1. Residues with amide H under 5 Å of Ser56's amide H, sequence separation 5 or more or different chain, H placed in the peptide plane at 1.01 Å from N; which?
2. Relative to the longest principal axis of the C-alpha atoms of the chain, give the angle of the C-alpha long axis of helix 21-30, reported between 0 and 90° and rounded to the nearest 10°.
3. Give, as a single signed number, the net charge of other residues whose beta carbon lies under 14 Å from the beta carbon of Gly30, with Lys and Arg counted +1 and Asp and Glu -1.
4. Quickly work out the Arg81-to-Val104 label distance, labels modelled 7 Å from Cα along the C-beta direction, and quote it in nm with one decimal.
5. Distance from the Cα centre of the range 72-91 to that of the range 28-70, in angstrom?
6. Of the options Tyr36, Ala73, Ile103, report the single residue whose Cα projects farthest towards the positive end of the charge dipole of the chain (beta-carbon charges: Lys, Arg +1; Asp, Glu -1).
7. Assuming R0 = 22 Å, what is the FRET efficiency of Glu5 and Thr39, from their Cβ-Cβ distance, to the nearest 0.05?
8. Asp97 to Glu58: extension gain in nm, 0.36 nm per residue of separation minus the Cα-Cα distance?
Amino acid sequence: MTQSEPLVLRRWSSRIRTEDREAYVSYIRGTGVEDYLGTPGNVGCEMLLRDLGNGSTEVSTLSWWRSMDAIRAFAGEDIARARYYPEDDRFLLEKPDQVEHHIVVVEGLGLPVRPIV
């Protein structure tokens with residue numbers, strides 16, 4: 001990573017059935033999390049759950065990357081396109097086509113933040 005390249009957050013969200021939370025978390029630990037952490041340039045990831053109270057739960061994954069090239073190594077050339085795994089159809093109530101990328105300008109994880117300038 002060059003000095004001018006900032007840390008990048010990749011964010012993806014969808015919904016699952018609330019009753020599938022435990023199975024889905026276990027599934028993602030063995031697929032997405034392993035892929036994130038096994039890709040050079042990834043500096044961590046988190047998965048968030050939020051019960052929506054209607055039998056569904058919002059799930060979001062956040063992953064931090066040292067560069068857009070590192071994200072490309074994980075996601076392919078079209079980094080804005082969501083990446084899915086074979087069993088995702090079993091769990092996901094919706095499969096958004098796109099993910100979000102955010103430049104990290106302030107952080108408190110102890111990771112080096114690069115200025116945008």
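Just so it is clear, none of the values below were taken in a lab; they were calculated from the coordinates. This structure is a prediction, so every number in the text was calculated from the model and none was measured. As a convention, Cβ positions derive from the backbone with ideal geometry for all residues, glycine included, and neighbour counts pool all protein chains shown.
1. So Ser56 has HN proximity to Thr18.
2. 40 degrees
3. Values: positive: Arg29, Arg90; negative: Glu22, Glu34, Asp35, Glu87, Asp88.
Computed value for this residue: -3.
4. 2.7 nm
5. The range 72-91 and the range 28-70 have Cα centres spaced 11 Å from each other.
6. Farthest along the dipole direction, towards plus: Ile103.
7. Efficiency for this residue pair is about 0.85.
8. Details: separation 39, 0.36 × 39 = 14.04 nm, distance 1.61 nm.
Separation in residues times 0.36 nm, less the Cα-Cα distance, equals 12.4 nm.
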